[in-house]
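Chemist: My questions all concern the structure below.
Coordinate-derived values only; no laboratory data. A quick note: this is a predicted structure, and the numbers were derived from the prediction, not measured.
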């Protein structure tokens, strides 16, 4: 009886460890995905800033050429 109970306890513990490992892996994947989205967001922000600054320069040159 003792061996049957301990086998059941070990099975439950193994299942608990498997569930914890699964959700730890899922949360790690979510963290990696958030990191890549954050990095991509930085590059998108940089691209929009570059485009905005380029448009300001283009309009400034256009306005200067009209003034001259």
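Chemist: Looking at [x] -0.84, -0.89, -0.92; [y] -0.74, -0.82, -0.86; [z] -0.83, -0.95, -1.00, which value of log10 I(q)/I(0) by the Debye sum over Cα atoms at q = 0.19, 0.21, 0.22 Å⁻¹ comes from a calculation on the structure shown?
Modeler: Among [x] -0.84, -0.89, -0.92; [y] -0.74, -0.82, -0.86; [z] -0.83, -0.95, -1.00, the one calculated here is [x].
Chemist: Here's a follow-up. What is the angle, in °, between the Cα long axis of helix 2-67 and the longest principal axis of the Cα atoms in the chain? Nearest 10 is fine, range 0 to 90.
Modeler: 0 degrees
Chemist: Quick check on the chain: helices-only [θ] at 222 nm, where DSSP H runs of length 4 and up contribute -39,500 (n - 2.57) each and the sum goes over total residues. Nearest 500, please.
Modeler: -37000 deg cm²/dmol
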